[in-house]
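The values are calculated or read from the model by the stated rules, or taken from the named source; none is laboratory data. Being a predicted model, the structure only gives us computed values, none of them experimental. Ideal geometry is used to build each Cβ from the backbone, glycine not excepted, and the neighbour counts take in all protein chains shown. Calculation scope for accessible area: heavy atoms of the full protein, side chains included, ligands and nucleic acids excluded. Shrake-Rupley method; radii C 1.70, N 1.55, O 1.52, S 1.80 Å.
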Amino acid sequence: MKKELKKRIIAVLAATFMCVPITASAVKADSPSALTASAEQSPYGSYYVIDDNGVVCTANMATLNKGNMMWFPESMLTSNQQFPVIVWANGTMCAPALYYDFLSQVAAAGYIVVANTELFAGNGQEQKASIDFILAEDSDPDSVFYGKIDEEHVGVMGHSQGGMSSVNCANLDDRVDCVFSIAGNSSRSSAASLNVPTFFATGDRDMIVPSWLYVKPAYNACNAPAVYANVKSAIHTTVCSNPSVYSKYAVKWFDAYLKNGSKEAFRSGGELFRDSSWSNVASKHI
């Protein structure tokens, strides 16, 4: 059942990205209660799925290959709680479906995750537009997100060019409270302009965005609270093949800065420093 559901999800997302028309009957989720709530509340009624993490995935495609995909806990449909928002940017020529597991794992921790479908997001403008989009949904009585968004707590994250986008978006948009960049090729000057907490994650076997050339220099230039850390034996695309190694600390990072949680994991001697899956960990101003 798990494999079949995952295949169905990937098929739906792949079709979405290619803008192939989809019928609701092709993607019915397994939870009757969630089906009822989604059908009544979601303006994106063409499709949605509920995965093994208890996370709903849906999308709003405004034009050909342009739009946003959203992940959120199924409990949001019946909750009066407001949820912090995290906006994702893709790597070069990558679609959100490639990061499905990672984004679902983050959303399952109590976040609304929004992923723009832009393939070249480096300048941060598309990510900023996704923030505009989801905050507008909070004020739309016809939206499933109406009244559900904690507008005062917004984070950004991304992979590769999307990591660069996240840094640039934080510099463009003062609504951004923190950044989680995975293998981002940010410039030192853009990192130096940051004034929000930023996690610079990378893989020690990444030959596409080498840590020594981009990630560590960006961390060194950053004057805001920051963390730098390598995932051991990770290549550029490990976030897709082994997402949990990244999502574990992405959640802790966003919990710390979007939910006023503990920052101890990121201070010298904290959990991240002791985690055998990570190396060369450094932090400052935390």
Item checked: Rel. contact order, % - alpha carbon contacts under 8 angstrom, at least six apart, segment 58-130 -> 40
Margin query: Please give me, ordered by residue number, the trypsin sites (Lys or Arg not before Pro) of segment 217-286 that lie in loop per DSSP and have at most 16 other Cβ atoms within 10 Å.
Written below: Lys232, Lys259, Arg267
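Return one whole number: the accessible area per residue of segment 142-286 in Å², for a 1.4 Å probe. Numbers along the way, then the final one.
Working: 5720 Å² over 145 residues.
Roughly 39 Å² per residue, with all protein chains present.
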Next item on the list: Could you look at segment 174-286 and say what percent of its accessible area is carbon and sulfur, using a 1.4 Å probe and all protein chains?
Entry: 47
Item checked: Cut-off 17 Å, label 7 Å out along Cα→Cβ of Leu172, residues of segment 63-102 by amide N -> 66-69, 86-93
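Which order do His153, His285 take by accessible area at a 1.4 Å probe, largest first? Walk me through the intermediate numbers first.
Numbers: His153 60, His285 125 Å².
Solvent-accessible surface, decreasing: His285, His153.
Which pairs break 28 Å Cα to Cα here: Lys148/Lys248; Lys66/Lys284; Lys128/Lys232; Lys66/Lys252; Lys248/Lys284; Lys66/Lys259? Write down the numbers at each step before the final one.
Working: Lys148/Lys248 24 Å; Lys66/Lys284 38 Å; Lys128/Lys232 32 Å; Lys66/Lys252 30 Å; Lys248/Lys284 20 Å; Lys66/Lys259 30 Å.
Listed pairs above 28 Å: Lys66/Lys284; Lys128/Lys232; Lys66/Lys252; Lys66/Lys259.
Let me make sure I get this right: for segment 67-150, a, b and c are the square roots of the gyration tensor eigenvalues over alpha carbons, sorted descending. Under 1.5 in a/c it's rounded, otherwise prolate if a/b > b/c, else oblate. Which is it? Write down the numbers at each step before the final one.
Working: a/c = 2.50, a/b = 1.48, b/c = 1.69.
Oblate is the answer for segment 67-150, as a/c is 1.5 or above yet b/c matches or exceeds a/b.
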Next item on the list: Can you tell me the relative contact order of segment 97-190? Whole percent, Cα pairs under 8 Å, sequence separation 6 or more.
Entry: 24
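Rounded, prolate or oblate: pick one for segment 178-286, where a ≥ b ≥ c are the square roots of the eigenvalues of its C-alpha gyration tensor, a/c under 1.5 means rounded, and failing that, prolate if a/b is larger than b/c, else oblate.
Working: a/c = 1.59, a/b = 1.08, b/c = 1.46.
Verdict is oblate for segment 178-286.
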